[in-house]
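Just below is one structure, and these are the notes that go with it.
The values are calculated or read from the model by the stated rules, or taken from the named source; none is laboratory data. The structure presented is a predicted model; accordingly, all values stated were derived computationally and were not measured. Note that each Cβ is placed from the backbone with ideal geometry, even for glycine, and that neighbours are counted across all protein chains shown. Protein only, heavy atoms only, side chains kept; ligands, DNA and RNA dropped before computing areas. Shrake-Rupley method; radii C 1.70, N 1.55, O 1.52, S 1.80 Å.
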Amino acid sequence: MKLSVHFTPTGVTPAVLAGKPVVVLDILRATTTIVAALANGAKAVFPAPTADEALKIAQNMGKGDRLLAGERRCLPIPGFDLGNSPLEMTAEAVGGKTIILATTNGTPALVASESGQPVIVAAVTNFSAVVEAARHAFAEAGELHIVCSGRERQFAIEDAYVAGRYARAALSGKSRSKKALEMNDAALAAIELVRRYGDNWSVPISAGAAAHDLLRLRFKADVLAASTPDQYDIVPVYDDRRVTASSRG
Ligand code: MLT
């Protein structure tokens, strides 16, 4: 079996992921926001790599029930309906709507992962549901990739720590003999990070530059929400350019 963590999407080519199960995460905040939107009744989320691309997708869709959402430097994009805060994704705001979301790191990482099968959208807020789906996909395929969005093509500690939590959970109960299990260096390092921080989500998630920027911009509640596990029992999957959700059981 082979487990790979990617600290940024930089080396993630379509060929690397083609047909393999992939877990994508951007804890602060894009995947946390996608999970909140779908859990609160959004029909689908279309991730766009740029704001211009989001506008193009919206034009092709017609006005109807769609909302444009996203951020630049963590702040809402002028002219868009919503920003990139999970707390904005209330049932009143997003219920029954299709959302087109453009963010700096998270939505490009999702688009870069589109050749995977399935491409599971992960946060802390749907941790247990995704662990179950990822373990199942890992057992079936014999391979699992965990893609961190990172920050501006650099390492982001909150994504790396959560990748380590997912990696550790995916491996639990599996033989660690070298023959049976191959891990890349990033998977080893992510699991070491979990040893360093333990099971407390909020310390590593608040430790990095992304959290500091969000705190400075008064998004402390978003950081807290993004660090609170298992608020939702859904497994969002990215397929055919959109993310939709199924719940367990
Ligand atoms: C991103 O995709 O870069 C982030 O979600 C930024 C943010 O926190 O809004």
Checklist line | Answer residue from the stretch 120-129, given it is within 16 Å of the ligand (Cβ to nearest atom) and of a type in the set (Val, Ile, Thr) and is surrounded by the fewest Cβ atoms within 10 Å (Cβ to Cβ) among those | finding: 125
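Quick test for you: out of 111, 147, pick the one residue that is within 17 Å of residue 32 (Cβ to Cβ), away from the ligand (no atom under 11 Å from the Cβ) and either of a type in the set (S, T, N, Q) or out of contact with any Lys or Arg (no Cβ under 6 Å at 6 or more places or on another chain) (or both). Talk me through it step by step, then tell me what you get.
On the way: 111 fails: within 17 Å of residue 32 (Cβ to Cβ).
Answer to the check: 147.
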Notebook entry, point to check: Only one of 246, 227, 202 is among the polar types (S, T, N, Q) and free of Cβ contacts under 8 Å to residues at least 24 places away in the same chain; which?
Noted result: 246
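Starting from residues that are of a type in the set (S, T, N, Q) and assigned to a loop (DSSP other than H, G, I, E, B), keep the ones in the stretch 153-175 and report whichever is modelled with the highest pLDDT.
So the first thing to find is which residues in the stretch 153-175 are of a type in the set (S, T, N, Q), and the list is 154, 172, 175.
Still in the list and also assigned to a loop (DSSP other than H, G, I, E, B): 172, 175.
Details: 172: 86, 175: 59.
Checking each candidate, the answer is 172.
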Checklist line | Filter result for residue 203 (of a type in the set (A, V, I, L, M, F, W, C), part of a helix (DSSP H, G or I) and open to solvent by 70 Å² or more (accessible area, probe 1.4 Å)) | finding: yes
Note to self: Among the residues of the stretch 176-186, are any modelled with pLDDT of 95 or more, more than 16 Å from the ligand (Cβ to nearest atom) and in a helix (DSSP H, G or I)?
What the structure shows: yes
Check: Where in the stretch 1-110 are there helices (runs of 4 or more DSSP H), lying fully within it, with 2 or more residues that are open to solvent by 30 Å² or more (accessible area, probe 1.4 Å)?
Finding: 14-17, 51-61, 91-94
Next item on the list: Would you check which residues across the stretch 144-184 are open to solvent by 70 Å² or more (accessible area, probe 1.4 Å), more than 21 Å from the chain's Cα centre (by Cα) and not basic (Lys, Arg) and list them?
Entry: 173, 182
Next item on the list: Test residue 217 against the stated conditions and say whether it is open to solvent by less than 10 Å² (accessible area, probe 1.4 Å) and in contact with a strand residue (DSSP E or B) (Cβ under 8 Å, 6 or more places away or on another chain).
Entry: no
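Which residue, of 213, 185, 199, is of a type in the set (Asp, Glu) and within 27 Å of residue 20 (Cβ to Cβ)?
Details: 213 fails: within 27 Å of residue 20 (Cβ to Cβ); 199 fails: within 27 Å of residue 20 (Cβ to Cβ).
Unique residue meeting the criteria: 185.
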